[in-house]
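The values are calculated or read from the model by the stated rules, or taken from the named source; none is laboratory data. It should be emphasised that the depicted structure is a prediction, and the values quoted were computed from it without experimental measurement. So basically every Cβ, Gly included, is an ideal-geometry build from the backbone, and we count neighbours across all protein chains shown. Calculation scope for accessible area: heavy atoms of the full protein, side chains included, ligands and nucleic acids excluded. Shrake-Rupley method; radii C 1.70, N 1.55, O 1.52, S 1.80 Å.
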Amino acid sequence: MAAHFSGALQLTDLDDFITPSQECIKPVKIDRTAGKVGKIRVEDDGSYTEISQSGEERRLQRAKITLNDCLACSGCITSAESVLITQQSQEELYRILSENEQFLKAGDHDKQKLVVVSVSPQACASLAANFRITAEEAMKKLTGFFKHLGVQHVYDVTFARNFSLIETCNEFIRRYQSSEVEKKALPMLASACPGWICYAEKTHGSYILPYISTTKSPQQIMGSLVKDYVAQKLSRSPSSIYHVTVMPCFDKKLEASRADFYNDVFQTRDVDCVITSGEVEKMLEKEGTSLKDVDDSSPDEILPSSCGSLMYSHKGGGSGGYLDHIARYAASNLHGREISHLDYKVLRNQDFQEVIVESEGKPTLKFALAYGFRNIQNIVQKLKRGKCSYHFVEIMACPSGCNNGGGQIRPVGDETQKERLKAVEETYAHIPSIVPFEVTQISQLYQEWLGGAGSEKSKEMLHTQYHEIEKSDNALTMKW
C-alpha cells in the first residue's frame, strides 16, 4: 500500500535512495516499571517476549504507528501502511455506519454521527472513466450509493476549491506588492498538494516553507465548511459530524491527519477519514454492484448552488487551475489587462511548463507548473541558488497532476495506464467550468460565513501553517 503514496514521500533524500525508514518503526509497546530491568527475546515468528529479572516471561504487544507519528518523523512514511487499514480506510467508514445503525436500533439517537461525504472531481472522473459514464452521472450515482449505505449528506469538493482559488489569488497579490520588503515573499509556491508539503517540511524545512502559500487545500477548506458552516446550519456540534472525503491521492490521508486541522475545543478533525477512488471501487465490489447500476440521487443543497449545474470545475487543468487563475487575476489587477488565453510553453517535459504575461510598461509576470519529483527538485534547487525567476509555481507531487494520483483506479486487461489517464482527463475536461470571482453565491457566502475576505475568521478557516521536521540521526538509516 505504501507504493501508492506520491514519489516525493517515498524518498528519503534528493538522490532517489529509497528505503523503509527504520527510525519510524516502533516494533513493540513496552510498559516500563521504575527500577526494574529485563531482557527482550525475539521469537522465531517475529514476536517479542519480555523476560523479567525473576525469569517471568510476557508477550509484548505490537505498537501501531499513527499517521501523526509519520508526519513528525524526518524519514519516509513507507513503514506505516498498516495504519491506513485501521485509521483511514473504507473499513473505518463501514465501522461508523454500522455503529450508527446499532444506535438507531437501540434508540440512542444522540450517539449517532451525522455522516457527510465530500467527493473530489478528480476521483469522480476516475470512477466515471472506469465505468464508462459521464462525471455528472458518476456524481449522481455516487450520491445514491453513499446514501444507500447510510450517509446523510454528499457534496462536491469543487465548492471548497472556489475559496482556495480566491484566497490564493488574493495572497499572491499581497506577496507581490510586498516582495520588495519581504525577501521570501516570492516566488509563491502552491500549497494544495500534501505530498509536496510533507516533502518540503521534512527535506528542506525553514528555507523553503516561507515561500509556500498559506491557503488551505480544497479538501481542508471543505473540512472547515462542513465542521463549521454546515454544522451551524444543521444545529450540530462539529464533533457529532463524521466527515469523509473521496480523493485521488493517498497523500490526502496524511493531510487530514495533520495536527493543524484538529479542533482542540470540539476534539474533532476537519476531515475524519479519507478514502480514495480505488477504495470506493472496492466498496462497490463488496456491495456486489457496479456504479452503473446504482440509483441516482442529487447532492444536498445546504451549500448554495454555484452555477445551476450538479457538477462544475475550474479552468486550468486537472490539478485545480491555480496557475491559470493567478496568472489571469494578476494580469487584471497588476497590469489592468484581461487575458482570454494563456500560452503554456513546454520546457524540459510536459510536466514542466511556463506562462509569461507581458504588458507594455509593466514588469513581466512569470509562472510555471512543476509536476513530479524531479521537476519539484529542479524548482527547489533554483530557489536555493537564487536563480528562480518565477513569481508563482503550481507544484504537484504526481506526474500529470491530480488526475494521475496514486489513489485513482488502475486499468485492467489490455488497457494501459496511459490510456486510462487519457480517459480520466477527457472525462474531467467535459465538466463545465466556472470563474469563482464571477459567482454571486460565493461572494455572498464569504460574507455570511466568514465576514468577508481578509477577516480574522477567513484567516482561521482558509489558511494554515507549516512546520520544519528536524532531521534525526539513526544508524539504522545510514547509507554505507
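The calculated FRET efficiency for the pair SER98 and THR364, based on their C-beta separation and a Förster distance of 51 Å, comes to about 0.30. The slack in the chain from ARG236 to GLU468, taken as 0.36 nm per residue of separation less the alpha-carbon distance, amounts to 80.0 nm.
About the Cα centre of segment 91-216, how large is the charge dipole given +1 on each Lys and Arg Cβ and -1 on each Asp and Glu Cβ? Please answer in debye to the nearest 20.
Result for segment 91-216 is approximately 160 debye, rounded to the nearest 20.
Placing R0 at 45 angstrom, the Cβ-Cβ distance between ASP414 and GLN381 gives a FRET efficiency of 0.65 after rounding to 0.05. Placing pseudo-labels 7 Å out from each Cα toward the beta carbon at ALA259 and GLU438 gives an inter-label distance of 4.4 nm. Heavy-atom accessible area for PHE392, with the other protein chains in place and a 1.4 Å probe, reaches approximately 0 Å². Of LEU421, LEU291, the residue with the largest accessible area leads and the full order is LEU421, LEU291 (1.4 Å probe). If you sort ASP108, ASP324, ASP264, ASP272 by accessible surface, 1.4 Å probe, largest first, the order is ASP264, ASP108, ASP272, ASP324. Extension gain for the segment LYS183 to GLU338, taken as residue separation times 0.36 nm less the Cα-Cα distance, is 52.9 nm to one decimal. Taking trypsin sites (Lys or Arg not before Pro) across segment 383-415, the ones in a DSSP loop with at most 12 further Cβ atoms lying within 10 angstrom of their Cβ are ARG385, LYS387. Quick check on my link table: of LYS147/LYS457; LYS105/LYS141; LYS183/LYS315; LYS315/LYS418; LYS202/LYS227; LYS147/LYS227, which ones sit more than 25 Å apart, alpha carbon to alpha carbon? Check vs 25 Å cut-off fails for LYS147/LYS457; LYS105/LYS141; LYS183/LYS315; LYS202/LYS227. For the pair ALA106 and LEU149 in one chain, pulling the backbone fully straight at 0.36 nm per residue adds 13.6 nm over the alpha carbon distance.
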